[in-house]
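In what follows, a single structure is set out as structure tokens and then discussed.
The values are calculated or read from the model by the stated rules, or taken from the named source; none is laboratory data. A quick note: this is a predicted structure, and the numbers were derived from the prediction, not measured. Cβ placement follows ideal geometry from the backbone for every residue including glycine, while neighbour counts extend to all protein chains displayed.
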Amino acid sequence: MRVNTQSVNFNVDQELVNFIQRRMNKLEHFYDRVVCSDVYLKVQKTSAKENKVVEVKVCVPGDEFVVKKQCKTFEEAVDNATESLQRVLLKRKSKLRAHI
């Protein structure tokens, strides 16, 4: 799967990009028709500890899913976002099977 990672107002290190790629590749186990995904990393300028925002957009044929998570670290936010996407993709897969 092609994963486009974009960071807003900071430079992302290669280790984080590799982590995101591994997590996003796991989504193909749940739904094999994922075309591409875009991951946006943002740091909000607030005094709160949970200021890391990850927004993931996944493109599948005929639809597009967007999940946004805010956590203390980017790794935690990516994990939470991929868990949410797993549920969404499994739900879509079961709906498609029901129509066959």
Apart from one, (1) within 26 Å of L96 (Cα to Cα); (2) surrounded by 18 or more Cβ atoms within 10 Å (Cβ to Cβ) all hold for R33; the odd one out is (2)
Filtering segment 62-100 for residues that are hydrophobic (A, V, I, L, M, F, W, C) and either within 13 Å of V39 (Cα to Cα) or touching a helix residue (DSSP H, G or I) at 6+ places or on another chain (Cβ under 8 Å) (or both) leaves a count of 10
Selection from segment 55-76 of residues over 18 Å from N9 (Cα atoms) and either assigned to a loop (DSSP other than H, G, I, E, B) or among the hydrophobic types (A, V, I, L, M, F, W, C) (or both) yields V58, C59, V60, P61, G62, F65, V66, V67
Considering residues that are of a type outside the set (K, R), outside any loop (DSSP other than H, G, I, E, B) and within 15 Å of the chain's Cα centre (by Cα), the number found within segment 29-54 is 9
Selection from segment 9-20 of residues more than 17 Å from N80 (Cβ to Cβ) and either surrounded by 12 or more Cβ atoms within 10 Å (Cβ to Cβ) or touching a residue at least 40 places away in the same chain (Cβ under 8 Å) (or both) yields V12, V17
With out of contact with any His (no Cβ under 9 Å at 6 or more places or on another chain), farther than 20 Å from V88 by Cα and modelled with pLDDT of 95 or more as the only criterion, which of E15, E50 stands out?
E15
